[in-house]
Amino acid sequence: MKISIIVEGKTEKAFMPYLREYLKTRLAGRMPKLDTFPYDGRVPKEDKLKRAVENPLMGRNAADHVLALTDVYSGTNPPDFKDADEAKAKMRTRVGDEPRFHPHAAQHDFEAWLLPYWTTIQRLSGHNKTAPAGQPEKVNHNNPPSYRIREVCDRRMSGQLYQTTGCRAAFFVKTTSGSQSINAPS
């Protein structure tokens with residue numbers, strides 16, 4: 001099986017090696033091939049999204065499925081979408097009737113999925129910054145989760161300074177899997 005994944009930015013791209021390692025431990029002998037198609041901060045819109053989905057599904061090495069990961073938070077005012085459901089619906093409408101397309105959206109941004117693990121983030125980064133209040137997917141557009149995580153990642157962790165995107169991906173894997181290593185897999 002081959003799955004193509006359309007992603008928005010650096011954090012999602014940095015996360016892919018961790019996702020592959022995570023899936024290998026759970027899909028022994030059934031691991032799909034994952035191809036990533038990063039876009040510069042935004043999943044394409046309108047006909048560009050349709051082409052971005054159709055292209056990997058065609059040809060001799062065609063993907064079996066295409067996933068798109070987008071954020072509701074786009075930095076634009078007003079936002080492009082009111083919520084994750086609207087983002088997924090718009091992507092589905094733009095692509096049309098393609099059962100192999102699977103849109104996904106974070107209510108604000110990808111990093112929101114780290115917020116439930118704030119105590120682990122505190123321990124890993126050695127800071128005591130208070131966790132954002134409320135449900136992760138409700139953290140607002142004025143200070144999205146990626147900004148909050150970036151602030152934490154800019155600090156020293158375990159005696160080493162990590163690049164922001166790698167740090168966020170490492171936080172994601174370590175907090176969700178219980179892994180003791182925050183180094184990227186080779």
Extension gain, His104 back to Met31 (0.36 nm per residue minus Cα-Cα distance, nm): 24.2 nm
Proximal aspartates and glutamates to Lys82, defined as alpha-carbon separation beneath 16 angstrom and excluding residues fewer than eight positions away on the same chain: Asp71, Asp109, Glu137
Potential extension, Glu86-Asn143 segment - 0.36 nm per residue separation minus Cα distance: 18.4 nm
Length added when fully stretched, Thr119-Asp64, from 0.36 nm per residue minus Cα-Cα: 16.0 nm
Too-long pairs where the Cα-Cα distance tops 28 Å, listed order kept, from Lys10/Lys48; Lys13/Lys48; Lys24/Lys48; Lys10/Lys138; Lys90/Lys138: Lys24/Lys48
For Phe101, distant residues with modelled amide H under 5 Å away: Val66
Phi-based couplings in Hz for the range 114-124 (Karplus 6.51, -1.76, 1.60; Gly and Pro marked x): 8, 4, x, 9, 4, 5, 5, 4, 4, 5, 5
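Bear in mind that the values in this text are calculations on the coordinates, not laboratory data. In this text, all values refer to a predicted model and were calculated from it rather than measured experimentally.
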